[in-house]
Amino acid sequence: MWGPCLSVLLDKLDDQVQRVWYAAAAVEHGWSRNVLLNQIMNRLHLRAGAAPSNFTDQLPAADSELAQQLTRDPYVLDFLDLTGPVAERDLETALVDRLQAFLLELGHGFAFVGRQYHFEVDGDDFHIDLLFFNWAQSRFVVLELKIGRFAPEHLGQLGFYVAWVDANLRGPDRHSPTIGILLCAGRNNNVVRYSLAGTTAPLAIADYTYDALPASARDAVPTDTELATAAGAVLTQLSAADPQPPSDARGAMSAGPGSSASDKEF
């Protein structure tokens with residue numbers, strides 16, 4: 001089984017440091033060849049643990065490092081086959097429908113607890129977008145989705161959910177502190193920094209994309225109109241450089257109305 005993975009490492013990576021990183025991750029998590037290839041193509045080594053958070057301020061040192069490992073930035077959701085803006089509920093539905101792929105993107109040890117997880121506080125109803133439990137670290141992870149750019153008020157809601165899960169679902173003697181991850185479609189890093197500094201709940205903020213190519217690569221790809229224009233220009237140039245053959249040659253190249261396939265020259 002390791003042979004196919006080794007060939008992927010040698011074929012797809014030139015950097016020895018990256019080869020060692022992906023080899024160690026593949027061994028630790030038991031990745032198949034296809035999973036390893038997917039992680040390499042999505043540049044996991046740059047995204048793993050990269051989401052800005054306040055874990056170092058709100059969690060003990062050893063625990064904050066572990067919690068940070070659960071984050072990605074950005075989360076690559078191109079397996080959803082979505083194009084253009086979508087509503088938050090549609091994005092949530094798509095993620096649940098492709099739950100196996102989403103769990104793989106979240107990382108090692110994630111188990112799904114519930115969607116729109118309902119709870120009450122003194123008669124008031126609340127719903128958590130997506131609730132997970134990471135069995136490898138024995139902690140609940142609250143995930144909230146926003147289809148727009150990050151806004152500071154988003155952390156108040158997420159922090160409230162994390163506090164409730166910590167107080168009502170977590171077993172302090174057997175579970176690590178609950179963390180929250182906010183997925184949003186863009187952010188101002190300075191706004192994120194000030195917002196995280198103003199909350200006591202352990203939270204992280206990450207971008208997500210459901211396009212197959214990163215923004216920088218998509219910008220370099222021509223549009224359909226640009227491709228059609230370029231193709232037309234090339235055909236025009238070819239026609240000018242290669243004039244039509246004489247009429248007798250054209251007649252020899254095409255079969256007459258009564259000719260059969262055996263009459264044609266290939």
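The values are calculated or read from the model by the stated rules, or taken from the named source; none is laboratory data. Predicted model only: the values in this text are computed from it and were never measured. Backbone-built Cβ (ideal geometry, glycine too); neighbour counts: all protein chains shown.
Matching residues to (1) β-branched (Val, Ile, Thr); (2) touching a His at 6+ places or on another chain (Cβ under 8 Å); (3) over 24 Å from Val86 (Cα atoms); (4) surrounded by fewer than 22 Cβ atoms within 10 Å (Cβ to Cβ):
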| residue | (1), (2), (3), (4) |
| --- | --- |
| Gly156 | no, no, no, yes |
| Val162 | yes, no, yes, no |
| Ala167 | no, no, yes, yes |
| Arg170 | no, no, yes, yes |
| Ala197 | no, no, yes, yes |
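Looking at the stretch 15-31, can you tell me whether even one residue there is crowded, with 16+ Cβ neighbours inside 10 Å, over 24 Å from Ala204 (Cα atoms) and touching a residue at least 24 places away in the same chain (Cβ under 8 Å)?
Yes, the stretch 15-31 has at least one match.
What's the number of the condition Leu82 fails, among (1) part of a strand (DSSP E or B); (2) more than 28 Å from Glu28 (Cβ to Cβ)?
(1)
So which residues in the stretch 97-133 are assigned to a helix (DSSP H, G or I) and in contact (Cβ under 8 Å) with a residue 12 or more places away in the chain, if there are any at all?
If the condition is that a residue be assigned to a helix (DSSP H, G or I) and in contact (Cβ under 8 Å) with a residue 12 or more places away in the chain, then Leu99, Ala101, Phe102, Leu104, Glu105, Leu106 are the ones that fit.
Is it fair to say Ala206 is of a type outside the set (Asp, Glu) and either modelled with pLDDT under 95 or in a helix (DSSP H, G or I) (or both)?
On the way: of a type outside the set (Asp, Glu): yes; either modelled with pLDDT under 95 or in a helix (DSSP H, G or I) (or both): no.
The answer is no for Ala206.
Out of Leu91, Leu82, I need the residue that is aliphatic (A, V, I, L, M), closer than 30 Å to Leu13 by Cβ and under 13 Å from the mean Cα position of the chain (by Cα). Which one?
Leu82
Taking the conditions exactly as written (assigned by TED's automatic domain parsing to the domain that holds His154, at pLDDT below 95 and surrounded by 13 or more Cβ atoms within 10 Å (Cβ to Cβ)), does Val86 satisfy them or not?
Yes.
All but one of (1) touching a helix residue (DSSP H, G or I) at 6+ places or on another chain (Cβ under 9 Å); (2) free of Cβ contacts under 8 Å to residues at least 12 places away in the same chain hold for Ala61; which doesn't?
(1)
Would you confirm whether or not the stretch 108-120 contains a residue that is assigned by TED's automatic domain parsing to the domain that holds Asn168 and closer than 26 Å to Asn188 by Cα?
The answer is no, given that none of the residues of the stretch 108-120 is assigned by TED's automatic domain parsing to the domain that holds Asn168 and closer than 26 Å to Asn188 by Cα.
Could you identify the single residue in Ala94, Ala151, Ala136 that is part of a helix (DSSP H, G or I) and surrounded by fewer than 21 Cβ atoms within 10 Å (Cβ to Cβ)? It would help to see each step written out before you state the result.
Working: Ala151 fails: part of a helix (DSSP H, G or I); Ala136 fails: part of a helix (DSSP H, G or I).
Exactly one residue qualifies, and that residue is Ala94.
I'm trying to understand the selection: among the residues of the stretch 109-120, which are within 16 Å of Ile181 (Cα to Cα) and either loosely packed, with under 15 Cβ neighbours inside 10 Å or at pLDDT below 95 (or both)?
Ala111, Gly114, Gln116
What's the total number of residues in the stretch 51-77 that are closer than 25 Å to Leu9 by Cβ and more than 13 Å from the chain's Cα centre (by Cα)?
2
Can you tell me which of (1) in contact with a strand residue (DSSP E or B) (Cβ under 6 Å, 6 or more places away or on another chain); (2) farther than 14 Å from Trp164 by Cα is the one Tyr117 doesn't meet?
Status for Tyr117: all satisfied but (2).
Contact list please: Cβ distance under 6 Å, first residue in the stretch 158-178 and part of a loop (DSSP other than H, G, I, E, B), second residue among the hydroxyl-bearing types (Ser, Thr, Tyr), pairs at least six apart or on different chains.
Arg170/Thr178; His175/Ser138; Ser176/Ser138
Does Leu37 fit the bill of being over 13 Å from the mean Cα position of the chain (by Cα), more than 17 Å from Glu144 (Cβ to Cβ) and without any contact (Cβ under 8 Å) to a residue 40 or more places away in the chain?
Yes, satisfied.
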